[in-house]
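The values are calculated or read from the model by the stated rules, or taken from the named source; none is laboratory data. What you are looking at is a predicted structure, and each value in this text was computed from that prediction instead of being measured. Note: ideal-geometry Cβ built from the backbone for every residue, glycine included; neighbour counts use all protein chains shown. Just so you know, the surface numbers come from the protein's heavy atoms only, side chains and all, with ligands and any DNA or RNA stripped out. Shrake-Rupley method; radii C 1.70, N 1.55, O 1.52, S 1.80 Å.
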Amino acid sequence: MHIDILTLFPEMFDGVLNHSIMKRAQDKGAFSCQTINFREYTTNKHNKVDDYPYGGGAGLVLTPQPIFDAIEDIRPASQQKTRVILMCPQGEPYTQAKAEELAKEDQLIFICGHYEGYDERIRQELVTDEISIGDYVLTGGELGAMVVMDSVVRLLPDVLGNDQSAPEDSFSSGLLEHPHYTRPAEFRGQQVPDVLLSGNHAKIAEWRHYESLKRTFTRRPDLLEQRELTDQEKQWVQEWKKS
């Protein structure tokens, strides 16, 4: 995968791209990334990329010309289907399912805006996906792009040390992840559940599924509304509702 990021502050991505999983993924060749300051594409003599909105109002709006020219430069005419992602509070709420969808692409282009918003023609002509990472407003799109990029890259083949890590994450199965324990078996009077020490993999799998469902029921019951429960899961849910 190759990722292009259009931003006025490319240096913001240095820490994210040069540490931890993101750096290892690049070292492995799982993906490459280019940050592009779209100010370099402006034809404005004062090097401006924003202007006052028609009709009046507060704030400044990003002008279309620099972003159009930047995308036309980095996206070959033969690749018009490349996903162009606009980070925007008006976009669709971001989910793990969306991350899994984007992880199948060969190229992603992120547009990170600032100021009051974007000229609408950017949305109409260039953007394939508008994404919001939550119901709040950030100063710019950079932090949102980092979140989406991290969640996508970790799903690429061979990026994580264990191929089962990503499929077992919270939300991948539609449930929150089960509790985890490691050594020591006893710490300050708290014991690791006996089943995890038993070596009985079938029992361990059942315990993890039970705990995953229970944690979802307790913390995110809305997720269960979207899930077709098995008879066993329905029985557990009824027991928790009574308790």
Might you check whether a residue that is modelled with pLDDT of 95 or more and over 30 Å from GLU211 (Cα atoms) occurs anywhere in region 146-155?
yes
In region 48-95, how many residues are open to solvent by less than 80 Å² (accessible area, probe 1.4 Å), more than 17 Å from ILE122 (Cβ to Cβ) and at pLDDT 95 or above?
2
Which numbered condition in (1) farther than 29 Å from VAL61 by Cβ; (2) in a helix (DSSP H, G or I) is the only one that ALA30 fails?
(2)
Any pair with Cβ under 8 angstrom, 6 or more apart, that starts in region 210-232 at a residue that is free of Cβ contacts under 8 Å to residues at least 60 places away in the same chain and more than 17 Å from HIS180 (Cα to Cα) and ends at one that is surrounded by 11 or more Cβ atoms within 10 Å (Cβ to Cβ) and hydroxyl-bearing (Ser, Thr, Tyr)
LEU223/THR216; LEU224/THR216
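Conditions (1) open to solvent by less than 100 Å² (accessible area, probe 1.4 Å); (2) within 29 Å of the chain's Cα centre (by Cα), marked per residue:
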position: GLN190; (1), (2): no, no
position: VAL195; (1), (2): yes, no
position: HIS201; (1), (2): no, no
position: LEU213; (1), (2): yes, yes
position: PHE217; (1), (2): yes, yes
position: PRO221; (1), (2): yes, yes
position: GLU225; (1), (2): no, yes
position: GLU228; (1), (2): no, yes
position: LYS234; (1), (2): no, no
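Please enumerate the residues belonging to region 97-151 that are outside any helix (DSSP H, G or I), among the hydrophobic types (A, V, I, L, M, F, W, C) and open to solvent by less than 30 Å² (accessible area, probe 1.4 Å).
Of region 97-151, the ones outside any helix (DSSP H, G or I) are 103-119, 126-141.
Still in the list and also among the hydrophobic types (A, V, I, L, M, F, W, C): 103, 108-112, 126-127, 131, 133, 137-138.
Listed by number, the residues that qualify are ALA103, LEU108, ILE109, PHE110, ILE111, CYS112, LEU126, VAL127, ILE131.
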